[in-house]
1. Can you work out ³J(HN,Hα) from phi for every residue in segment 82-93, in order, using Karplus 6.51 cos²θ - 1.76 cosθ + 1.60 and θ = phi - 60°, giving whole Hz and x for Gly and Pro?
2. Evaluate segment 111-167: find the radius of gyration of its Cα atoms, find its Kirkwood radius, and give the ratio Rg to Rh.
3. Between Ile139 and Glu58, how many nm apart are label points set 7 Å from Cα along the C-beta direction?
4. Calculate, in nm to one decimal, what Asp126 and Trp75 gain on full extension: separation in residues at 0.36 nm each, minus their alpha carbon distance.
5. With a 1.4 Å probe and all protein chains kept in place, how much accessible area does Leu35 have, in Å² rounded to the nearest 10?
6. Order Glu60, Glu43, Glu125, most accessible first, counting only protein heavy atoms with a 1.4 angstrom probe.
7. Round to a whole angstrom and tell me the spacing of the C-alpha centers of segment 122-165 and segment 53-114.
8. If we count every other residue with Cβ under 11 angstrom of Gly160's Cβ, Lys/Arg +1 and Asp/Glu -1, where does the sum land?
Amino acid sequence: MHIPQRLRAAGLALALCGTGAVAPPAIAQEPASPLIPTQAGWELTLAPFVYHFRSDPEHEYAYLIGLERHRADNWLWGAAYFSNSFGQDSGTAYVGYIWNNVFHEPALYLKLVAGIMYGYVYPYEDKVPFNHNGWSPMIVPTVGWRFTPQDAVQLSLLGGAGLMFSYSRRF
């Protein structure tokens, strides 16, 4: 059986690495960016505007204020108060994860949160899926841009309903 030269060389290198005779090659890592938070902290989010994909005469001004606890390992948990698109007081509690340095751009990040929300009650209980007595699950994907390690803007997808624009301040 003929083993190609490259494969034999790779096998020999792996065998030698296992014996300690040859050190494994160093993996090049990108330098840490000062924009990417590396420590745990709190983040306050203000969302003054929601864009709806379809207009509805019953839509009212919607806004959100939230507080998140970010861990050093990029996991987070949070809660928010918001006025939903129909003027009803609403709230949510969730957990999530942040992916930093998207496309090797330190300012760009993705965030995904999932949790439970309350607030879409009669006569708007059918406006969100799986609603039961005002309680429903929620999943919100977000793309964000950091201007400083503390300041960022975000664009969140609200299911098929719209987009939420927000500002976040980390402290």
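1. My calculation for segment 82-93 gives 8, 9, 6, 5, 10, x, 8, 5, 9, x, 8, 10 Hz in order.
2. Working: Rg = 13.8 Å, Rh = 12.7 Å.
Value, to two decimals: 1.09.
3. Placing both labels 7 Å beyond Cα along the Cβ direction yields 2.6 nm.
4. Numbers: separation 51, 0.36 × 51 = 18.36 nm, distance 3.14 nm.
Extra length from Asp126 to Trp75 when fully extended: 15.2 nm.
5. For Leu35, solvent-accessible area is about 40 Å².
6. Details: Glu60 105, Glu43 20, Glu125 75 Å².
Final ranking, largest accessible area leading: Glu60, Glu125, Glu43.
7. The two parts, judged by their Cα centres, are 6 Å apart.
8. Spelling it out: positives minus negatives among the neighbours equals +2.
The values are calculated or read from the model by the stated rules, or taken from the named source; none is laboratory data. Quick caveat, the model's predicted, so the values are computed rather than measured. Methodologically, a virtual Cβ is constructed for each residue, glycine included, from the backbone with ideal geometry; neighbour enumeration extends over all protein chains shown. Quick note on the areas: whole protein, heavy atoms, side chains included, nothing else; ligands and nucleic acids left out. Shrake-Rupley method; radii C 1.70, N 1.55, O 1.52, S 1.80 Å.
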